[in-house]
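Novice: Here you go, one structure.
The values are calculated or read from the model by the stated rules, or taken from the named source; none is laboratory data. Quick caveat, the model's predicted, so the values are computed rather than measured. All Cβ positions, even for glycine, are placed from backbone atoms using ideal geometry, and neighbour counts span all protein chains on display.
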Amino acid sequence: MIRIALELLVVAVFSAGTALAVESIPLTDLEPVSASLGWGRLGINRSVQGAPLRIGDRVFAHGLGTHANSETVFDLDGRYGGFECWVGVDAEVKDFGKSAEIFKVLVDGVEEFNSGVMNNGTPPRRVTLSVRGATELRLVVLAAGSSIDGDHADWAEPVLTGGESPSEIKPTKYRVGSTGLTVRLSADGEIVGVVMGDRKLERTVHGATRLSGCETQGNVSARKLAKGGMEFERTLASRKLGRKCQLVERFLTAKNSVRWEIEIRSDGEPWTTAISTRLQYPEIADRTFWTAWSDPEHRNDGWRDPLVFRPMTSSTWTYGSIRNSCPVDGDFITMPLATVAEPSADEALSLVLSPEDTLRDISLVTTARGLVAFQRTHHRLGYGKPVRFAMDLVAHPADWRATLAWTVARYPQFFNPVNPRADEMAGCGAYSGSENPVDAARLKRMAFRINWKVSDDFAYMGMFLPPLKNSDDHWDRSGDEPTPPGKPRWTAFRRLNDYAHNMRAQGFYVLDYFNVTEFGKNMRDLPVTADPDRSDLWKDPVAFLKLRLPKACIQPPINTFYGAWVVDVGDPDYQRFILEQALRHIERIPDSSGICIDRLDWLRNYNSGADDGVSWVENRPARSLYQSWLDLLGKLGPLMHNADKVIFVNNHIKRLELLRQVDGIYCEFCQTGPALNATGLLSVRRPALGWTDDEATVQADPDGLFQRHLHMGVYPTAPYPNNNTV
């Protein structure tokens, strides 16, 4: 057995008496405070398209690949003397020939470098400037042409020089321990070491909380707590914003971990800054890393086994697939946890953030030199309201199973299906609108169990079960998907239930289509003069939305499939509307086993027209659609589960805390490696099914496809009549 000794070495503020040594470090070894791009995602040691960094004929080993218009910000903490790099248009767009961009470097808000216009054929230009005493480095790329098309920009071999690194470690003042782990703390409350396992493996580990742009003012107070815990409090001041806050950190003895709690309080008007938990592991020959990643190599192509440790690399992972509406990229994690291991010592240490916290946007930054940093953004500080986070440091065998086992045991409500009937339903699935008789014996030989009714029966998106009085009352189906043979243009509650009843009689299960983030069909922002009390107002999606659900739509409107608009289910009227349909489902389609909710990708958005009391986005309050979803599921879950129904999701956003009331997953994208991996990791205790887009996907490598699904515990889609395909 292998345990993970996670030597967490974080950039710390050292006392005046600490001996210092000069070093130069690649900029990619630091965690960016923020990174915004006009297109794509920030490439770490690769271009914005994921290729090696190349300007002209020269290839660079490390750097940042970005795209105009972009801005990447780093905290320097006054620790460095100089900044050097090369800049230029990446050669991957040389055939485009129209790239035109300007590189700027701002130090503490002052422009210190301007490249002038650089085009496809411009040789790389050298940047050499002083950053002595500076607190912020801002790298900006601006489009210099009529558009940003083709403006792929590289910051190649960026290096901070003349840095100060500690040659003397802060002494240990306090210790907090639990089974198998002791955390050593300095007088000012920073982690300076860990002792792990029965063999008492000791590692020099630094860990700390950082608020971007903030520094400690005055002394740090320390207080001993009951049962061997410690509490530290300090005042932090934002240099840029002129704001202050109190940071309280507690290290507590838990059953089999050391609990690390953070509380931030600030008075006055709201503000925000990135809140980071930074850990750095020391240089150990066989140091390896694991997290709940969509792809261990940060790649989008093909499939790689996520259930293995890998060497540490300089990478940035988002929590959930927020950079793409589809979870098909290899750059995200599904759980906020990280493990560093030493196989030869059979020791490991994991940092696990609590899914019970109120979470907004999170990124995980790792570097080849051993940095592990979780960065939280869009949390509102101010008005004296505390912002709290909790996490655990856990020592365990150096096996990824131990990381997952601890997390599942500590937070079972996020892994176990609420309705145990979900386990009975586990098997291969289908996504079909066909209601024709099936060859039950053939399907059973293929372990078929579930048909998720295709998005074909509703009047329009959002109006899944209209407010009709009688079970035989008809409504016209939207008809945007191909109609199976023999299926009429209309449907009714009785027809839907008859199909579910027939399937159940043969030992199968039916899930009806729901979607809580999209509404309407062919929506237009037109004046509405209809009577809001009309009983048939539901037939007109534009009128119904404007008159009955006036604050549900995200503004400005976002168009999506079938010409629908994106809506916020946190809006009280819209949430009530969805719950009414769920109740209608329970009463009118009793033989259906439940619902599968589609299109959770929109949950990554914020509604600037509402306020959840927590989020702060673009210097104003907003409502996170993550919070809207959790509020809805807190009501929808008990409603469906008390009726012995299940809730499945097609969770484009792969985040653990969003699954609190979810019984199973039917993922639309499991023909891709990242989605398959993410779905399997989130389904260690719940059934998971993966959509297969077409026959060609299976025929290309049938054995490989089935082996991958088996390895990840995900049931594939079975060849059911009229399966929906791309």
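Novice: Could you go through the range 144-165 and let me know if any residue there is buried (at least 20 other Cβ atoms within 10 Å of the Cβ), in a strand (DSSP E or B) and of a type in the set (S, T, N, Q).
Specialist: Checked the range 144-165: no residue is buried (at least 20 other Cβ atoms within 10 Å of the Cβ), in a strand (DSSP E or B) and of a type in the set (S, T, N, Q).
Novice: Only one of A530, A543, A610, A582 is in a helix (DSSP H, G or I), in contact with a helix residue (DSSP H, G or I) (Cβ under 9 Å, 6 or more places away or on another chain) and more than 23 Å from L659 (Cβ to Cβ). Can you tell me which?
Specialist: Unique residue meeting the criteria: A543.
Novice: Sticking with this one: Give the range 321-351 a look and list any residue that's charged (D, E, K, R) and farther than 28 Å from G302 by Cβ, or say none.
Specialist: Of everything in the range 321-351, those that are charged (D, E, K, R) and farther than 28 Å from G302 by Cβ turn out to be E342, D346, E347.
Novice: Next up: Kindly establish whether S130 is assigned by TED's automatic domain parsing to the domain that holds T28 and surrounded by fewer than 19 Cβ atoms within 10 Å (Cβ to Cβ).
Specialist: In short, yes.
Novice: Go through the range 539-565 residue by residue and tally those that are of a type in the set (V, I, T) and buried (at least 22 other Cβ atoms within 10 Å of the Cβ).
Specialist: The number of residues fulfilling the criteria is 0.
Novice: Next question, about the same structure. Within the range 297-310, which residues are surrounded by fewer than 21 Cβ atoms within 10 Å (Cβ to Cβ) and either in contact with a strand residue (DSSP E or B) (Cβ under 7 Å, 6 or more places away or on another chain) or assigned to a strand (DSSP E or B) (or both)?
Specialist: Listed by number, the list holds a single entry, R310.
Novice: For the range 1-99, which fully contained strands (runs of 3 or more DSSP E) count at least 2 residues that are modelled with pLDDT of 90 or more and in the same structural domain as A395 (by TED's automatic domain parsing)?
Specialist: Details: elements: 20-26, 34-36, 53-55, 58-60, 63-67, 70-75, 82-89.
In the range 1-99, no matching strands (runs of 3 or more DSSP E) lie anywhere.
Novice: If I filter the range 34-70 down to residues being crowded, with 18+ Cβ neighbours inside 10 Å and of a type in the set (S, T, Y), which single residue comes out as farthest from D95 (Cα to Cα)?
Specialist: Checked the range 34-70; the qualifying residue farthest from D95 (Cα to Cα) is S70.
Residue-wise test of (1) surrounded by fewer than 20 Cβ atoms within 10 Å (Cβ to Cβ); (2) over 28 Å from E231 (Cβ atoms); (3) in the same structural domain as R243 (by TED's automatic domain parsing).
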| position | (1), (2), (3) |
| --- | --- |
| M312 | yes, yes, no |
| G320 | no, yes, no |
| S344 | yes, yes, yes |
| L349 | no, no, yes |
| L353 | no, no, yes |
| A373 | no, no, yes |
| R376 | no, no, yes |
| V387 | no, no, yes |
| A402 | no, yes, yes |
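Novice: Are there helices (runs of 4 or more DSSP H) fully within the range 643-718 with at least 3 residues that are without any contact (Cβ under 8 Å) to a residue 24 or more places away in the chain and out of contact with any helix residue (DSSP H, G or I) (no Cβ under 9 Å at 6 or more places or on another chain)? List them.
Specialist: 695-700, 702-712
Novice: Do we find a residue being polar (S, T, N, Q), surrounded by fewer than 24 Cβ atoms within 10 Å (Cβ to Cβ), more than 26 Å from G507 (Cβ to Cβ) and at pLDDT 95 or above anywhere in the range 581-596?
Specialist: yes
Novice: What residue, of G109, G145, is at pLDDT below 95, within 21 Å of K94 (Cα to Cα) and among the small types (G, A, S)?
Specialist: G145
Novice: Let me ask something else. Within the range 263-287, how many residues are of a type outside the set (K, R), closer than 30 Å to F309 by Cβ and not in a loop (DSSP other than H, G, I, E, B)? So that I can check it myself, show each step before the final result.
Specialist: Of the residues in the range 263-287, the ones of a type outside the set (K, R) are 263-264, 266-277, 279-286.
With the extra rule that they be closer than 30 Å to F309 by Cβ, the set shrinks to 274-277, 279-286.
Those left that are additionally not in a loop (DSSP other than H, G, I, E, B): 275-277, 279-280.
Number satisfying all stated conditions: 5.
Novice: Which numbered condition trips up V140, out of (1) under 24 Å from P52 (Cβ atoms); (2) part of a loop (DSSP other than H, G, I, E, B); (3) not basic (K, R)?
Specialist: (2)
Novice: Here is a further query. What about G207, is it out of contact with any Lys or Arg (no Cβ under 6 Å at 6 or more places or on another chain) and buried (at least 22 other Cβ atoms within 10 Å of the Cβ)?
Specialist: So G207 passes the test.
Novice: Kindly establish whether R175 is at pLDDT 95 or above and touching a strand residue (DSSP E or B) at 6+ places or on another chain (Cβ under 6 Å). Give the steps one after another, and end with the answer.
Specialist: Working: at pLDDT 95 or above: yes; touching a strand residue (DSSP E or B) at 6+ places or on another chain (Cβ under 6 Å): yes.
Considered against the rule, which asks whether it is at pLDDT 95 or above and touching a strand residue (DSSP E or B) at 6+ places or on another chain (Cβ under 6 Å), R175 comes out as yes.
Novice: Related question: For the range 228-244, state whether one or more residues are part of a helix (DSSP H, G or I) and more than 30 Å from H711 (Cα to Cα).
Specialist: Yes, the range 228-244 contains at least one residue that is part of a helix (DSSP H, G or I) and more than 30 Å from H711 (Cα to Cα).
Novice: To continue, here is another question. Got at least one residue in the range 437-455 being more than 29 Å from G637 (Cβ to Cβ), among the basic types (K, R) and touching a residue at least 60 places away in the same chain (Cβ under 8 Å)?
Specialist: First pass over the range 437-455, keeping only residues more than 29 Å from G637 (Cβ to Cβ): 437-446.
Pick out the ones that are also among the basic types (K, R) and you get 442, 444-445.
Filter again for touching a residue at least 60 places away in the same chain (Cβ under 8 Å), leaving 444.
The answer is yes, given that some residue of the range 437-455 is more than 29 Å from G637 (Cβ to Cβ), among the basic types (K, R) and touching a residue at least 60 places away in the same chain (Cβ under 8 Å).
Novice: Could you list, in sequence order, the residues of the range 531-575 that are at pLDDT below 95 and in contact with a Pro (Cβ under 6 Å, 6 or more places away or on another chain)?
Specialist: Result: no residue meets the conditions.
Novice: Out of the range 166-211, which residues are part of a strand (DSSP E or B) and either of a type in the set (V, I, T) or in contact with a Cys (Cβ under 9 Å, 6 or more places away or on another chain) (or both)?
Specialist: Across the range 166-211, the qualifying residues are V176, T182, V183, I191, V192, V194, V195, T209, L211.
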